[in-house]
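The values are calculated or read from the model by the stated rules, or taken from the named source; none is laboratory data. Quantities reported herein were computed from a predicted structural model and do not represent experimental measurements. Counting neighbours? That spans all protein chains shown, and the Cβs are built from the backbone with ideal geometry, glycine included.
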């Protein structure tokens, strides 16, 4: 039978996952939804055919798996409630405010033996999956340098239609933790372990504890160097965008955007090549890369009782990197080693 999927939290991210469930070929049905804002609950229920619930327990007691799409400070409590019932759980990123609390959540789901997945969805990105494929090709040679820029307008406005990301008690921190933990996850996924970081941060909006600009220089364990910049600005007309440039010994690669490309690369002795949209998906399929369906992956794991990916255990490592970057920035940019 198609698993019944419940939702805790009914904001923008919940709607994006609901759309992902609607699009995937993996069968599922919508169960209950609860949000502290009753208007959000009603809107989600009406839009997706879910049952509007008056409490979290109503959702948890009537579903086969649950999405936790609340503000960060609620993640651990609600994941614990799911584990207590033996429910598979998809938790949005970041898991928690820091790595020790993220590790405790991973310990709990592992101990409960429940299927779990975390919202580090860029591992399912066709653009980044094929970038990884090309970087790890021996023809590329060793990674020498990477420049990664991630920018979006500060998400207390625009389509987010909420303000909790400006509250450190609910969000924990700003652009690095709340948004660019995605980047730190895929940096190591593509390039291998980061050995050390040196960072500076700034706060242009003046929101207590919510940094809006972080610049990090990092050393790769394999010898390459990188720069990562994440910014929350006020250009509402500009969508969330990533640009990644990787220079290997014999290959230069650039990704614009974070899902459909374009991905452009040139290899020593060859012409420039470009992949985008359907052509990129076809190339991923030809290379045996499973992409573009994080919500379907979770539903299939729930239905089959098999592990999903990325798990909460996978999310602990990017939390460790976030903690190291914040520590470096607090110490004025001092170099902080990160054990692989």
Within the stretch 73-89, how many residues are closer than 11 Å to residue 114 by Cβ and within 19 Å of the chain's Cα centre (by Cα)? 3
Residues of the stretch 137-150 that turn out to be out of contact with any helix residue (DSSP H, G or I) (no Cβ under 8 Å at 6 or more places or on another chain), in contact (Cβ under 8 Å) with a residue 24 or more places away in the chain and not in a strand (DSSP E or B), as a count: 4
How do the strands (runs of 3 or more DSSP E) wholly within the stretch 195-302 filter down when requiring 1 or more residues that are at pLDDT 95 or above and within 22 Å of the chain's Cα centre (by Cα): which remain? 213-220, 225-233, 241-248, 251-256, 263-267
Can you find a residue in the stretch 274-290 that is touching a helix residue (DSSP H, G or I) at 6+ places or on another chain (Cβ under 6 Å) and surrounded by fewer than 16 Cβ atoms within 10 Å (Cβ to Cβ)? yes
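A quick yes/no check of all residues on (1) in contact with a strand residue (DSSP E or B) (Cβ under 8 Å, 6 or more places away or on another chain); (2) more than 24 Å from residue 156 (Cβ to Cβ):
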{"position": "181", "(1), (2)": "no, no"}
{"position": "235", "(1), (2)": "yes, no"}
{"position": "265", "(1), (2)": "yes, yes"}
{"position": "284", "(1), (2)": "no, yes"}
Failed condition for residue 128, given (1) closer than 18 Å to residue 184 by Cα; (2) surrounded by fewer than 16 Cβ atoms within 10 Å (Cβ to Cβ); (3) in contact (Cβ under 8 Å) with a residue 60 or more places away in the chain, with all others met? (2)
Mind listing just one residue for me: the one in the stretch 51-66 that is farther than 14 Å from residue 41 by Cα and in a strand (DSSP E or B) and, of those, farthest from the chain's Cα centre (by Cα)? 65
